[in-house]
Amino acid sequence: MDRPDPTPAAAREALARAVTDHLTFSIGKDTRVAAPRDWLHAVSLAVRDRLVQRWMETTRATYAEDAKRIYYLSMEFLPGRALSNALIALDLYDDCAAALAELGLDLDDLEQLEHDPALGNGGLGRLAACFLDSMATLALPGFGYGIRYEYGMFAQHIVDGRQVEFPDHWLVAGNPWEFARPEVRYTIRYGGHVEYHDKSAHWVDTDDVLAMAYDTLVPGYANRAVNTLRLWSATSTEAIDLTLFNQGNYTAAIEDKNRSENVSRVLYPDDSTEHGRELRLRQEYFFVSASLQDLLHRYFESHDSVEQLADKVAIHLNDTHPAIAIPELMRLLVDERHLPWTLAWSLTTRIFSYTNHTLMVEALETWPVGVLERVLPRHMKIIFDINELFLDQVRRQHDGDAELLRRISLIDENDGRRVRMGSLSVLASHSVNGVSKLHSELLRETVFADFERLFPGRITNCTNGITPRRWLALANPGLARLVDERIGSGWRTELDQLAALAPAAEDATFRAAFAAVKAANKRALAAYIERCTGVAIDPTSLFDVHIKRIHEYKRQLLNVLHVITRYNRMLAEPARAWQPRTVIFAGKAASAYFMAKLVIRLINDVAATVNADERLQGRLKVVFVPNYSVSVARMIIPAADLSEQISTAGTEASGTGNMKLALNGALTIGTEDGANIEIRDAVGADDIYLFGLTTAEVVHLRNAGYHPREVVAGNAELGQVLEQIAGGHFSSEEPTRYQPLIQALLDHGDYYLLLADYAAYIATQARIDDDFAAQDAWQAAAIRNVAAMGPFSSDRTIRDYAERIWGVRALAL
């Protein structure tokens, strides 16, 4: 019999008592000497306790129902801070704040001490975290698998305008949200060679590493479901060579230990060197091998044979990074479980599904055959066998079409023999999906066109989504309260209910309240920016936000060209009533990505010039917010007026930043790319600013012959901007600093067509100035954007996956 819910006062008292108990018995501190971080850990443990019982119930229900599980494999997860998310899920946020206030503590202050888990870099990892949140909220038996990176990707510092990478010490103070599982260890093998006895393959003389599990709870919102994110940490099979140590050779004594543990130290090691590339392959295999061994162990605990394996296990590949899981499952089934090849392959193709996240061929992961033969010799042989059987089948069906066979082969023979991991993923998966309607169409028509003809219907669409709990309820509590007052709170789990907000755009009182929330968010962000960059910005200015991974195709450089154009115009017409604007950039460039890092430096050099120019009277400011993360995004997104989504048409698979910003009342300026098109369809063409070439026009222009110098010759403003960058106007101490950027635009073909879209982009930005001045109409459009975001919930996305791809049903909790 369920016990009645405690009164609010009793709940607060119980929570306060749990916090002080943990401070004493788990942290080992007295209240008189406890530091703020001690209190944070005590609060986290007290809240975690309230999830553990639900976690156990979820696990027991999964076993009792013999439910099919979805295992989500991803190199990245960006869950953000755990405490606030757990409190929202448990509906304990206000109670916790009140309980801590009685102890003389401030919940907001404690939250700021929590370090973001450094488990990802950009949209891929944040999407994975949103999906885990939705799986739990929908009570789907889901399991996330990844790597417990000791130092993350890196902590980004800006030094003299340059990105400088430092280790991200996110674990240095401990992580109260994880459970170490030293008893859950699996051996991961590398190198060696393959021997054959009695037609069986034996992988021998390997160099072994151990994978140890750490479990983190993933709570569902307002239900009893709590799922698991299991992360793997690498440990050596031998902690220390005691003989060498006793001989005084201390460095050599721990060399094997250090080499083993390098596998889980850093996300995406610098792959500009052969050692870096090999380490990345070792990382990918490390986590998929541990994960597959783990999930098979779990399956065989309650099943005697493989007959139901594909009915009880679904494995989803989040992009091509985990694709080595395909030959690994074959190895485990054929070599370890002694299944016939045909049965193993049948199970594999029923179990795997794959999400593609890129249209750029260069971003579809490939591995040199020689590297795979050295690092994973058994897997290379399995891939050869898969490829031979596949090509034989196609050869029979298509009269030996040599050109078709060359295109679809898993081995690219044109570039030093490389394994096409994207093609392997498509071949081995029963379902493949893109992440926006345009992206999925282009997958079928271009990158995987041959596979679409061979396997019609295999490639489908499942447009990305975001969790409204994290990105509205938690990120923007002021707006969440306003929405609750108007339409109720059901939108947290049924985002389509936001449609009822649309009529409020015509309500002057609601518009004023909406604007007040935005103004408060902008003041909070302005204060944060001044603290972390030293730049004072005007919170009444238009906040023009460009926050995402720094990459040439995302075209932060095009935004910089607009900033310089605007700067020149303002100096040329100082008496004009210019709309004040603050241009806010944030994002990390991969450590080996020279051009992206050069763009960051240009942003900061332009910012230094613009921000110091008193002639502008503060009406234009540029800031680069360092070390972008989920928590930084929570500060920026609710304050944004304008959302920059300006990738070259046909390059961005979907984007989710566009959804988060629109959900928080920012209007989008963007190209017809990714999910921008679906956002336009939802909000209406009048409430979004799309510009530039379409995907078809991009293809036509490139095929017809694109000449960027001719574009510059026909646009004096653009020519002036490029001359300023090339001539050292923003880098007088090193005038040639930005020659590589100028050469890429003028001499190397301007591959991402910045100059082709420049004029349309500048004209659209001028129109935005005029529209922003009419604040009533702007706020009405912002409200309509919020109201139209129902289709972009990750709950909708995950329901689609569960029903159409995974065949997974909700637990009866």
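The values are calculated or read from the model by the stated rules, or taken from the named source; none is laboratory data. Because the structure is a prediction, the values reported are computed rather than measured. Here the Cβ positions follow ideal geometry from the backbone for every residue, glycine too, while neighbour counts run over all protein chains shown. Accessible surface is based on the protein model in full, side chains and every heavy atom, while ligands, DNA and RNA are left aside. Shrake-Rupley method; radii C 1.70, N 1.55, O 1.52, S 1.80 Å.
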From (1) touching a helix residue (DSSP H, G or I) at 6+ places or on another chain (Cβ under 8 Å); (2) in a helix (DSSP H, G or I); (3) open to solvent by 40 Å² or more (accessible area, probe 1.4 Å), pick out the condition that doesn't hold for E672.
(2)
Whichever residue in the range 569-601 is of a type in the set (K, R) and more than 32 Å from the chain's Cα centre (by Cα) and, among such residues, is surrounded by the fewest Cβ atoms within 10 Å (Cβ to Cβ)
R576
Name the residues in the range 329-339 that are crowded, with 23+ Cβ neighbours inside 10 Å and touching a His at 6+ places or on another chain (Cβ under 9 Å), would you?
M330
Looking at E644, E678, which one is touching a His at 6+ places or on another chain (Cβ under 6 Å) and at pLDDT 95 or above?
E644
Would you please list the contacts, defined by Cβ atoms under 9 Å and residues six or more apart or on different chains, that run from a residue in the range 232-251 that is of a type in the set (A, V, I, L, M) to a residue that is open to solvent by 70 Å² or more (accessible area, probe 1.4 Å) and in a loop (DSSP other than H, G, I, E, B)?
none
So the check is Cβ under 9 Å with 6+ separation or different chains; which pairs have a first residue in the range 340-366 that's polar (S, T, N, Q) and open to solvent by 20 Å² or more (accessible area, probe 1.4 Å) and a second one that's at pLDDT 95 or above and assigned to a helix (DSSP H, G or I)?
S346/A310; T349/A310; T349/L427; T349/A428; T366/M421; T366/G422
Could you list, ordered by first residue, the pairs with Cβ atoms under 6 Å in which the first is in the range 258-283 and open to solvent by 40 Å² or more (accessible area, probe 1.4 Å) and the second is in a helix (DSSP H, G or I), at least 6 apart or interchain?
D270/G276; D271/R277; D271/R280; R282/V263
Here, helices (runs of 4 or more DSSP H) confined to the range 32-104 with at least 2 residues that are open to solvent by 40 Å² or more (accessible area, probe 1.4 Å) are 36-64, 93-102
Limited to the range 13-31, what total is found for residues that are in a helix (DSSP H, G or I) and acidic (D, E)?
2
Restricting the range 196-211 to residues that are of a type outside the set (G, A, S) and touching a helix residue (DSSP H, G or I) at 6+ places or on another chain (Cβ under 8 Å), the one most open to solvent (accessible area, probe 1.4 Å) turns out to be H202
Across the range 10-28, what is the total count of residues that are open to solvent by 40 Å² or more (accessible area, probe 1.4 Å), under 36 Å from the mean Cα position of the chain (by Cα) and of a type in the set (V, I, T)?
1
Could you tell me which numbered condition R453 fails, if it satisfies all but one of (1) open to solvent by less than 10 Å² (accessible area, probe 1.4 Å); (2) over 24 Å from L107 (Cβ atoms); (3) assigned to a helix (DSSP H, G or I)?
(1)
Residues that are open to solvent by less than 10 Å² (accessible area, probe 1.4 Å), of a type in the set (A, V, I, L, M) and in a helix (DSSP H, G or I), drawn from the range 675-699
I679, V698
When the range 487-503 is examined, which residues are found to be within 12 Å of A787 (Cα to Cα), in contact (Cβ under 8 Å) with a residue 24 or more places away in the chain and open to solvent by 20 Å² or more (accessible area, probe 1.4 Å)?
D496, Q497, A499, A500, A502
Here are some conditions: (1) under 23 Å from G125 (Cα atoms); (2) at pLDDT 95 or above; (3) not in a helix (DSSP H, G or I). A662 meets all but one. Which one does it not meet?
(3)
Filtering the range 219-240 down to residues that are of a type in the set (A, V, I, L, M) and under 25 Å from S289 (Cβ atoms), which residue is surrounded by the fewest Cβ atoms within 10 Å (Cβ to Cβ)?
A239
Among the residues of the range 428-441, what is the count of those that are touching a Ser or Thr at 6+ places or on another chain (Cβ under 8 Å) and either free of Cβ contacts under 8 Å to residues at least 40 places away in the same chain or within 30 Å of E388 (Cβ to Cβ) (or both)?
8
The range 608-622: number of residues that are surrounded by fewer than 23 Cβ atoms within 10 Å (Cβ to Cβ), in contact (Cβ under 8 Å) with a residue 40 or more places away in the chain and either part of a helix (DSSP H, G or I) or of a type in the set (V, I, T) (or both)
6
Looking at the range 546-565, I want the residues that are more than 14 Å from I669 (Cβ to Cβ) and free of Cβ contacts under 8 Å to residues at least 12 places away in the same chain and have a partner that is open to solvent by less than 10 Å² (accessible area, probe 1.4 Å) and not in a helix (DSSP H, G or I) with Cβ atoms under 8 Å, at least 6 apart or on another chain. Which pairs are those?
none
Only one of H169, H193 that is open to solvent by 60 Å² or more (accessible area, probe 1.4 Å) and closer than 30 Å to I529 by Cβ
H169
All positions within the range 544-560 that are over 17 Å from N604 (Cα atoms) and surrounded by fewer than 24 Cβ atoms within 10 Å (Cβ to Cβ)
Y553
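Listed here are the residues, each with its yes/no results for (1) open to solvent by less than 20 Å² (accessible area, probe 1.4 Å); (2) of a type in the set (D, E, K, R); (3) modelled with pLDDT of 95 or more; (4) within 20 Å of the chain's Cα centre (by Cα).
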{"site": "L138", "(1), (2), (3), (4)": "no, no, yes, no"}
{"site": "G144", "(1), (2), (3), (4)": "yes, no, yes, yes"}
{"site": "Y149", "(1), (2), (3), (4)": "yes, no, yes, yes"}
{"site": "G152", "(1), (2), (3), (4)": "yes, no, no, yes"}
{"site": "Q156", "(1), (2), (3), (4)": "yes, no, yes, yes"}
{"site": "V159", "(1), (2), (3), (4)": "no, no, yes, no"}
{"site": "E165", "(1), (2), (3), (4)": "no, yes, yes, yes"}
{"site": "N175", "(1), (2), (3), (4)": "no, no, yes, no"}
{"site": "F179", "(1), (2), (3), (4)": "no, no, yes, no"}
Does W345 fit the bill of being over 30 Å from T648 (Cα atoms), aromatic (F, W, Y) and at pLDDT 95 or above?
yes
Quick test for you: out of L472, L442, L405, pick the one residue that is assigned to a helix (DSSP H, G or I) and open to solvent by less than 10 Å² (accessible area, probe 1.4 Å).
L472
Under 6 Å between Cβ atoms, which residue pairs at least 6 apart in sequence (or on different chains) link something in the range 709-734 that is over 15 Å from A756 (Cα atoms) with a partner that is open to solvent by 10 Å² or more (accessible area, probe 1.4 Å) and in a helix (DSSP H, G or I)?
A726/I742; F730/D605; F730/T609; S731/D605
Could you name every one of the helices (runs of 4 or more DSSP H) located completely within the range 318-382 that has at least 2 residues being within 29 Å of K68 (Cβ to Cβ)?
325-331, 341-351
Mind listing just one residue for me: the one in the range 301-310 that is open to solvent by 40 Å² or more (accessible area, probe 1.4 Å) and outside any loop (DSSP other than H, G, I, E, B) and, of those, nearest to V375 (Cα to Cα)?
E301
